[in-house]
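Participant: My questions will all concern the structure given below.
The values are calculated or read from the model by the stated rules, or taken from the named source; none is laboratory data. Treat the numbers as computed from the prediction; the structure is a model and nothing was measured. No Cβ is skipped: glycine too gets one built from the backbone with ideal geometry, and neighbour counts run over all protein chains shown. All accessible areas refer to the heavy atoms of the entire protein, side chains included, with ligands and DNA or RNA removed. Shrake-Rupley method; radii C 1.70, N 1.55, O 1.52, S 1.80 Å.
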Amino acid sequence: MGPAQTKPLFERVALIGIGLIGSSLAHVIRRDGLARHIAVAARTQTTLDTAKRLGLGDSFTLDAAEAVKGADLVVICTPLGAYKDVIKVIAPALRPGTILSDVGSVKETMRRDVTPFVPTGVHVVPGHPVAGTEHSGPESGFAELFRGRWCILTPEPGTDKQAIERVEELWRSAGMLIEFMEISHHDQVLAITSHLPHLIAYTIVGTATDLEEHLKGEVIKFSASGFRDFTRIAASDPVMWRDIFLANREAVLEILGRFTEDLTAMQRAIRRGEGDMLQSVFTRTRAIRRSIIEAKQA
Ligand code: NAP
């Protein structure tokens with residue numbers, strides 16, 4: 001526990017999954033003394049051993065039900081595709097008054113796969129810290145990951161106010177700015193700001209991978225001309241991103257439809273030599289970059 005903190009925010013926090021996000025959160029909780037006990041659950045012994053070696057918790061188990069026993073905060077930090085299995089295992093061990101949260105990138109998954117199976121008296125406060133890197137696993141985490149970024153909370157109307165406030169306080173300690181959103185709105189916003197860019201990056205890098213051998217070598221050699229930035233995004237965890245596209249199907253397809261229309265318009269402008277059209281689009285997009293820098297999100 002940190003010296004400044006007399007009573008920690010939580011007695012026992014259970015982290016289900018200890019990859020990039022779970023381990024970064026563990027670092028924050030440790031640093032600021034936000035919990036008396038951190039219980040860590042993962043799927044494989046290798047991950048648990050690494051988490052133990054890094055001192056990311058006080059107890060380590062392959063049994064998520066064991067981890068949540070007596071916890072006043074449980075945070076699901078697994079890929080979205082594991083949520084159904086996780087809630088099946090932990091539901092019988094959740095006691096009334098416990099706060100159940102998560103860090104998933106698509107919030108509909110909590111509403112559909114988790115909330116219906118949560119025992120009465122458990123407060124569901126889903127969250128999404130919009131911060132990340134292309135790395136995964138317990139060794140990639142660091143407390144500063146969250147600083148200055150947004151954390152979006154999506155509790156349903158009528159959720160216990162105190163429970164929401166405690167989750168807010170947790171993420172504020174991590175240095176995050178808090179925003180509340182309705183679930184489907186969150187999923188639409190993230191479809192354009194995060195999911196579509198990842199899909200584009202995966203596709204471009206995939207296209208390059210399929211090139212003839214003599215071109216492939218040149219792609220690597222001259223990657224600094226633009227391609228390199230896409231490869232960083234396209235190096236993100238394949239399982240996590242598979243789950244995001246499956247979970248946010250509707251919103252991604254909607255935004256992808258708009259994108260392909262715009263791409264076709266660009267294709268036509270290039271074919272017809274419409275330089276004015278290209279220049280006007282590129283000028284508008286430059287302004288967005290400036291706004292992001294001004295909002296300190298660059
Ligand atoms: P990660 O580094 O791949 O870690 C995933 C963790 O979940 C691992 O510890 C894994 O354990 C564990 N896990 C998988 N299935 C499990 C199960 N059935 N029961 C218990 N543990 C299980 O993933 P991450 O990047 O931290 O992402 C975790 C969540 O955060 C995802 O839902 C993602 O959408 C969200 N998120 C990610 C980012 C990002 O940039 N990475 C940003 C914001 C939010 P094993 O290693 O033992 O398999």
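Participant: Would you check if S136 is under 17 Å from L20 (Cα atoms), among the hydroxyl-bearing types (S, T, Y) and either away from the ligand (no atom under 14 Å from the Cβ) or open to solvent by less than 30 Å² (accessible area, probe 1.4 Å) (or both)?
Facilitator: The answer is no for S136.
Participant: Open to solvent by 40 Å² or more (accessible area, probe 1.4 Å), outside any helix (DSSP H, G or I) and hydroxyl-bearing (S, T, Y), is that true of T78? Full working, then the answer.
Facilitator: Values: open to solvent by 40 Å² or more (accessible area, probe 1.4 Å): no; outside any helix (DSSP H, G or I): yes; hydroxyl-bearing (S, T, Y): yes.
Here the answer is no, as T78 does not meet what is asked.
Participant: Also, I was wondering about something else. Under 7 Å between Cβ atoms, at least 6 apart or on separate chains: pull out the pairs that start in region 273-298 with a residue that is within 30 Å of L145 (Cα to Cα) and end on any residue that is part of a helix (DSSP H, G or I).
Facilitator: Close Cβ pairs satisfying both conditions: A298/I292.
Participant: Here are some residues: A208, A251, A235. Which one is in contact (Cβ under 8 Å) with a residue 12 or more places away in the chain, outside the structural domain of L80 (by TED's automatic domain parsing) and either outside any helix (DSSP H, G or I) or closer than 30 Å to L9 by Cα (or both)?
Facilitator: A235
Participant: Being open to solvent by 80 Å² or more (accessible area, probe 1.4 Å) and assigned to a helix (DSSP H, G or I) narrows it down to one residue among R228, R166; which is it?
Facilitator: After ruling out the rest, the residue left standing is R228.
Participant: Another question, if that's okay. Criterion first (within 21 Å of the chain's Cα centre (by Cα), in a loop (DSSP other than H, G, I, E, B) and closer than 17 Å to G22 by Cα) does L56 satisfy it? Can you show your working first?
Facilitator: Values: within 21 Å of the chain's Cα centre (by Cα): yes; in a loop (DSSP other than H, G, I, E, B): yes; closer than 17 Å to G22 by Cα: yes.
For L56, the condition - within 21 Å of the chain's Cα centre (by Cα), in a loop (DSSP other than H, G, I, E, B) and closer than 17 Å to G22 by Cα - is met.
Participant: Turning to a different aspect of this structure: When the residues of region 200-235 are filtered to those that are in contact with a Ser or Thr (Cβ under 8 Å, 6 or more places away or on another chain) and small (G, A, S), which remaining residue is farthest from the ligand (Cβ to nearest atom)?
Facilitator: S223
Participant: If you don't mind, there's one more thing I want to ask. Anything in region 27-53 that is within 11 Å of the ligand (Cβ to nearest atom) and not in a strand (DSSP E or B)? List them, or say none. It would help to see each step written out before you state the result.
Facilitator: Going through region 27-53, the residues within 11 Å of the ligand (Cβ to nearest atom) turn out to be 40-51.
Correct list: A42, R43, T44, Q45, T46, T47, L48, D49, T50, A51.
Participant: Can I ask one more? For region 19-38, name all the residues that are free of Cβ contacts under 8 Å to residues at least 40 places away in the same chain, surrounded by fewer than 20 Cβ atoms within 10 Å (Cβ to Cβ) and of a type outside the set (K, R).
Facilitator: Within region 19-38, G33, H37 qualify.
Participant: For residues that are assigned to a helix (DSSP H, G or I) and within 15 Å of T154 (Cβ to Cβ), tally how many sit in region 171-190.
Facilitator: So in region 171-190, the residues assigned to a helix (DSSP H, G or I) come out as 171-173, 183-190.
After this cut, where a residue has to be within 15 Å of T154 (Cβ to Cβ) as well, the list is 171, 183-190.
Counting residues in region 171-190 that are assigned to a helix (DSSP H, G or I) and within 15 Å of T154 (Cβ to Cβ) gives 9.
Participant: Here is a list of conditions, (1) modelled with pLDDT of 95 or more; (2) not in a helix (DSSP H, G or I), and Q267 meets all of them except one; can you say which number that is?
Facilitator: Failed condition: (2).
Participant: Could you say whether any residue in region 134-144 is on the phi > 0 side of the Ramachandran plot, part of a loop (DSSP other than H, G, I, E, B) and in contact with a strand residue (DSSP E or B) (Cβ under 8 Å, 6 or more places away or on another chain)?
Facilitator: So far as region 134-144 goes, no, none of its residues is on the phi > 0 side of the Ramachandran plot, part of a loop (DSSP other than H, G, I, E, B) and in contact with a strand residue (DSSP E or B) (Cβ under 8 Å, 6 or more places away or on another chain).
Participant: Hey, another quick one. Could you go through region 52-72 and let me know if any residue there is touching a helix residue (DSSP H, G or I) at 6+ places or on another chain (Cβ under 8 Å) and under 21 Å from T159 (Cβ atoms).
Facilitator: Yes; the residues of region 52-72 include at least one that is touching a helix residue (DSSP H, G or I) at 6+ places or on another chain (Cβ under 8 Å) and under 21 Å from T159 (Cβ atoms).
Participant: Here is a check on your reading of the model: is A131 farther than 15 Å from A14 by Cα, of a type in the set (A, V, I, L, M, F, W, C), near the ligand (Cβ under 8 Å from one of its atoms) and surrounded by 18 or more Cβ atoms within 10 Å (Cβ to Cβ)?
Facilitator: Taking the combined requirement at face value, the residue satisfies it.
Participant: Looking at (1) open to solvent by 50 Å² or more (accessible area, probe 1.4 Å); (2) at pLDDT 95 or above; (3) not basic (K, R), which is the one condition that is false for T207?
Facilitator: (2)
Participant: Based on what the data block shows, is D72 surrounded by fewer than 23 Cβ atoms within 10 Å (Cβ to Cβ), charged (D, E, K, R) and within 8 Å of the ligand (Cβ to nearest atom)?
Facilitator: In short, no.
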